[in-house]
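A.B. asks: If you scroll down you'll find the structure; I have some questions about it.
Every number in this text was worked out from the coordinates using simple rules, so none of it is lab data. These figures come from a predicted structure and were not determined experimentally. Here the Cβ positions follow ideal geometry from the backbone for every residue, glycine too, while neighbour counts run over all protein chains shown.
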Amino acid sequence: MSIVIRNGTVVNATGAYPADVLVEGERIAALAAPDSGLSERWASGAEHVIDAAGKYVVPGGIDGHTHMEMPFGGTFSADTFETGTIAAAWGGTTTIVDFAVQAKGTSLLSALDKWHSKADGNCAIDYAFHMIVSDVNDTSLKEMESCIDAGVNTFKMFMAYPGVFYATDGEILRAMQKARDTGSMIMMHAENGIAIDQLVAQALASQRTDPVQHGLTRPPELEGEATSRAIALAKVTGAPLYIVHLSAAHALDAVTQARDTGQNVFAETCPQYLFLSLDDLAKPDFEGAKYVASPPLRPKEHQAELWRGLRTNDLSLVSTDHCPFCFKDQKELGRGDFSKIPNGMPGVEHRMDLLYQGVVKGEITLPRWVEISSTTPARMFGLYPRKGVIAPGADADITVYDPTARQTISASTHHMNVDYSAYEGMELTGKVSTVLSRGRVVVDDNAFHGAAGHGTFLKRELSQYLI
Ligand code: URP
Ligand code: ZN
Ligand code: ZN
Ligand code: ZN
């Protein structure tokens, strides 16, 4: 069983060059210069020959931050592992790392079991897990070791959401010490939830109930403050730190400063913070609810800072924080009280396309596009070089990307199980043309050829970025 991808330009994080690619079984077997004559020979015995003339051949995207079927605010995020991974594949993403959730009073290992039972046999692409730690105690700290052995070595904690996921500074400190001692990593939702809850209560008490209040009661200063505090705790403990869904210039400044002084601090941002803004949250007639996520969308001025951070590598990579809730039956829960709008936005399908607009606009280079969407996530989350690179021996997770095709994003054509698109009507240059997941063609010619259950669980190694 072999597949040959001919006449394309292979793009890795290290650069772009014309090359033909031979896939045998689930792996990339060889690359050849187009004039070497090798690919003619390969093609004669191949089961499938893909003509990638005029197209980029890139490692399949790795979305390091998704929430499929996640309980939140009395409901569940609307994509299942099946629908969400199919949508991801449509968008050229071939691996997701989803967050298993420890509910307060339960164990980490039962959360892991639960997430396996949701995902195993249902994913169309490969998948791995992080663990959300919402109950820090002697047992859960000990259980972190078992999670690491099971291939889950990144632990998300929350400085936001008091009473739900919130952890005190003392709890964070203890978990960071454990991360330091085990070579694992704490991921931080860095917003000052205690102060935010006061602002939310004050807004509601004065009848300010619209979705825009979600943004106004979570000011960027409180993301900056929490980010600085998390960095300080990481410094005191000697633990590495990964800031999730960084949205504000204030937080980026803190990350930049820490990195400039050699601290092992990393951060991701998300497409919604690069392309959407507080103006979307302020849309009338409750439409702003579509854009409620935490941290909130920021005033437009933050976007240029985030693009700069992606160029300087103070932002290491881009994940989606895909957490879709339908507008009609789920976001509706917060009509008349913005604090009850389920937090989260859909996005797993469009990360590669949206980031490619950064190449089109000259914000990032072509290899940097691959780096922030695939190679760095692979290294950061212990999947490299199995994932994240077009090279012999790597899994044949390959996206063939047409840089000249045009498309318009719409809920009427997307594949996510959600009734709206945050990017409705946005016109894009570039489109996925073929996607391989471990050697199987899963998307080709505007049709899905994959299957739920093809995706396998990835037991992750420790991060390659930790000193
Ligand atoms: O609003 C968001 N981001 N929802 C998903 C949960 C989280 O905090 O990542
Ligand atoms: Zn979060
Ligand atoms: Zn998230
Ligand atoms: Zn629905």
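A.B. asks: Under the definition of Cα pairs under 8 Å and six or more residues apart, what whole-number percent is the relative contact order of segment 60-380? Mind showing how you got there, number by number?
C.D. replies: Numbers: 666 pairs, mean separation 61.1, N = 321.
For segment 60-380, the relative contact order is 19 percent.
A.B. asks: For segment 333-423, compute Rh as the Kirkwood radius over C-alpha pairs and then the Stokes-Einstein diffusion coefficient at 37 °C and 0.692 mPa s; write the answer in µm²/s, rounded to an integer.
C.D. replies: Numbers: Rh = 15.8 Å.
Using the Kirkwood radius from Cα pairs, D works out to 208 µm²/s.
A.B. asks: Right, next: How many percent of the alpha carbon pairs in segment 202-297 exceed a separation of 22 Å? Can you show the working numbers first?
C.D. replies: Working: 1662 of 4560 pairs.
Considering segment 202-297, 36 percent of its Cα-Cα pairs are separated by more than 22 Å.
A.B. asks: Cα atoms only: what Rg and Dmax, in Å, come out for segment 60-380?
C.D. replies: Every Cα atom of segment 60-380 included, Rg and Dmax give 18.2, 51 Å.
A.B. asks: Determine the calculated [θ] at 222 nm for the chain from helices alone, applying -39500 (n - 2.57) to every DSSP H run no shorter than 4 residues and normalising by the residue count; nearest 500 deg cm²/dmol.
C.D. replies: Values: 15 runs with 144 residues, N = 467.
When only DSSP H runs of four or more count, the value is -9000 deg cm²/dmol.
A.B. asks: Also: To one decimal place, what orientation-averaged projected area in nm² is obtained for the convex hull of the Cα set of segment 241-339?
C.D. replies: Numbers: hull surface 26.0 nm².
Result: 6.5 nm².
A.B. asks: Let me ask something else. Can you list the residues, at least 5 places off or on another chain, whose amide H is less than 5 Å from the amide H of Thr93, using H built in the peptide plane?
C.D. replies: Hits under the 5 Å cutoff: Gly61.
A.B. asks: Roughly how many Å is it from the Cα centre of segment 158-213 to that of segment 273-350, as a whole number?
C.D. replies: 17
A.B. asks: If I take R0 = 25 Å and measure r between the Cβ atoms of Ala405 and Glu26 in this structure, what FRET efficiency does the formula 1/(1 + (r/R0)^6) give, to the nearest 0.05? Working shown, then result.
C.D. replies: Values: r = 28 Å, r/R0 = 1.11.
Once the sixth-power term is evaluated, E becomes 0.35.
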